[in-house]
Amino acid sequence: MNRVVIVSASVGAGHDGAARELARRLAEHGHRVDIHDYLDLLPGSMGRALGAAYLRQLLAVPRSWDVLLKVLQRSRLFAKLICLLFSVTSRPLRRVVAGADLVVSTHPLPSQTLSRLRYKGRVTVPVVTYLTDMSVHRLWVAPHVDLHIALHEVAAEQARQLGAKRIVVTGPAVGPAFRPAASNAERLRARQKFGLPAEGRLALVAAGSWGVGDIADTAREIAATGAATPVVLCGQNESLRRELADGIALGWIDDMPTLMRACDIVVQNAGGLSSLEALATGLPVITYRCLAGHGRTNAAALDEAGLVRWIRDENDLARALTTRPTEAALSATCPSVVLDAEMGHREPARRRRRRLALAAASTVAVLWLATVGVSLAVAGGFQSIGPASRRGGAVYVLVAVDSTKPMSKQTIHKLAVAHGAAAVSTTVLRTQPETVRALAKAGVTIVNAADGAPYETGVFTGRGSIGQVATGIAAVTGRSPRLMVSNGELDAVDLGIVAMHRERIIVPAATVHCGAAMGHGMRGVILVESTGDCDLGATLDALAALAHRHSVRQASIEELSA
């Protein structure tokens, strides 16, 4: 037995009616079904206040819905702001759908919230939107919903234009009790049940569960035609029932199928569930004095589909009241059959594990490429001058400047004569700016050493020091460094920062400590680590003597960056 969660919203009766009928059909197929009201998931009393505000808006300023829908259709930003506002229901919605095998929404707001949860992986089962209206506005189409079920190809095309990817057209979710009268005797019994006239044509005026719209004018104009007697469904609007002067006023009706079989035509103003129930009963339906906003858009869509004619002029009303049932047909596909099939689309646990394993492997591969892969690329010469420089017949002296002791003029002169370079770190820039300035003035190439030579990748501090030193050297010497010294252990972020400062990376062929014995055959970039108690001048003399003895040319490191 699969568990299906249906999320509706008690804003009018159409969304809840579709939810109940879908639940009934799915239960007949052996599924366990739970229905939840989206308004109950909103914080505090916000849901009830929202429903009350919607009703007040329809009663006081109905044309504001026209403006709202037009803005909604034209502005994606406005739609996103609405979705963001209602994202406060994400946590309670996750709680009510936990453990479900399928989630169905019959209202646009829960569809949008479920879409966000689906995208983030918080909901892992298929999510279906059942479009209860014939017209489709932007909020109805959520990008990460798995399937949209439409009532007609007209609605499907509107959803398609708004970006819906998978759409299936099915019949409406209307209960089996909505059927044509089997005989005139059954029709007469239905009229007797509600105290309606046994003779004459009856026009059932449906205005939704709230009884909103120009109902009194509609009843008066129907009565004035003489073509039918208006039977007005006032729903929960008791004031309308008391004040209605024309026709027969009825309050809340629990047995709508029987009432519809008692009547000859349905006049509606919203294009909601009542229209579909009337069509299932075999009655002709017309739209007259429709509500602003969704009432108008539904009227246009129903008229385009050939299901319900939209009467815009009072002069056409009399003839419309005697119209025959429409010959246009709705789809015979049962929505519960489509929902059954959608439950089969849930990924097996093995496939989900495979996808997780693939995602983990991909993450490891990306991290490897961004770290070890980058280091190997640098060692191979990408954005760098690597140890391969030792294959030439030259030695390039690079001295890591000591931050604790200024370099003497004699040592600076020796370094310049040896065509040497100086590696400058953040600490050196802060403590020995005059030494850096004197080195540059003597013609010694200044190399970026970030937070210390040779630079090793760091999480935050080291990376920030690459740019700090590059900017600092430019400020002190008037020239930006073109080289940076590193041990080659870099990641993609380091490489990006170095490239941003238009530097190339030097990887020393060897590192020697000041005063230590020199090896034979030294070639390439030699990094000399100096300390305050070391005679750097003597070390430079020893390097020069070694180079002369092995016929190795002392060259400027700038040759490598050319």
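Bear in mind that the values in this text are calculations on the coordinates, not laboratory data. Predicted, not measured: the structure shown is a model, and the values here were computed from it. Neighbour counts are summed over all protein chains in view; Cβ atoms, including those assigned to glycine, are modelled from backbone coordinates with ideal geometry.
Annotations for the structure displayed:
- Contact order relative to length of region 184-320, as percent, for alpha carbon pairs under 8 angstrom and 6 or more apart: 23
- Cα centroid separation, region 113-168 to region 285-329 (Å): 26
- Stretching the chain fully between THR431 and THR322 yields a gain of 29.3 nm (0.36 nm per residue, less the alpha carbon separation).
- Compactness of region 441-510 was expressed as the Cα radius of gyration divided by 2.2 N^0.38 Å, which yields 1.03.
- Neighbours of THR431, meaning other residues whose beta-carbon lies under 12 angstrom from its beta-carbon, give a summed charge of 0 when Lys and Arg score +1 and Asp and Glu score -1.
- Segment ARG166-HIS513, extension gain: residue separation times 0.36 nm, minus the distance between their alpha carbons: 118.0 nm
- All aspartates and glutamates inside 18 Å of LYS120 as judged from Cα atoms, apart from same-chain residues fewer than 8 positions distant: ASP101, ASP146, GLU347
- In straight-distance terms, cross-link reach from LYS409 covers every one of the lysines whose alpha-carbon lies under 16 Å from its own, apart from those fewer than eight places away in the same chain; here that gives LYS441.
- In plain terms, the residue of LYS414, LYS120 with the fewest other Cβ atoms within 10 Å comes first and the most crowded comes last, giving LYS120, LYS414.
- More than 21 Å apart - percent of Cα-Cα pairs taken over region 184-320: 35
- Charge sum, other residues only, whose C-beta stays under 12 Å from LEU196's C-beta, Lys/Arg counted +1 and Asp/Glu -1: +4
- Set of aspartates and glutamates near LYS80 by C-alpha distance (under 15 Å), chain-local residues within fewer than 8 positions excluded: none
- Normalised convex hull volume, region 377-559, alpha-carbon set, Å³ per residue: 100
- Counting charges near GLY282 (Lys, Arg +1; Asp, Glu -1) among other residues having Cβ under 14 Å from its Cβ returns a value of 0.
- Efficiency of FRET from Cβ geometry, SER551 and THR404, R₀ 51 Å, rounded to 0.05: 0.90
- Sorted by Cβ neighbour density within 10 Å, fewest at the top, the residues MET260, MET343, MET134, MET500: MET500, MET343, MET260, MET134
- Sequence of VAL33, VAL397, VAL424 once ranked by neighbouring C-beta atoms within 10 Å, starting from the fewest: VAL33, VAL397, VAL424
- Taking region 418-562 and dividing mean pair separation by its residue count, relative contact order in percent (alpha carbons under 8 Å, at least six apart): 22
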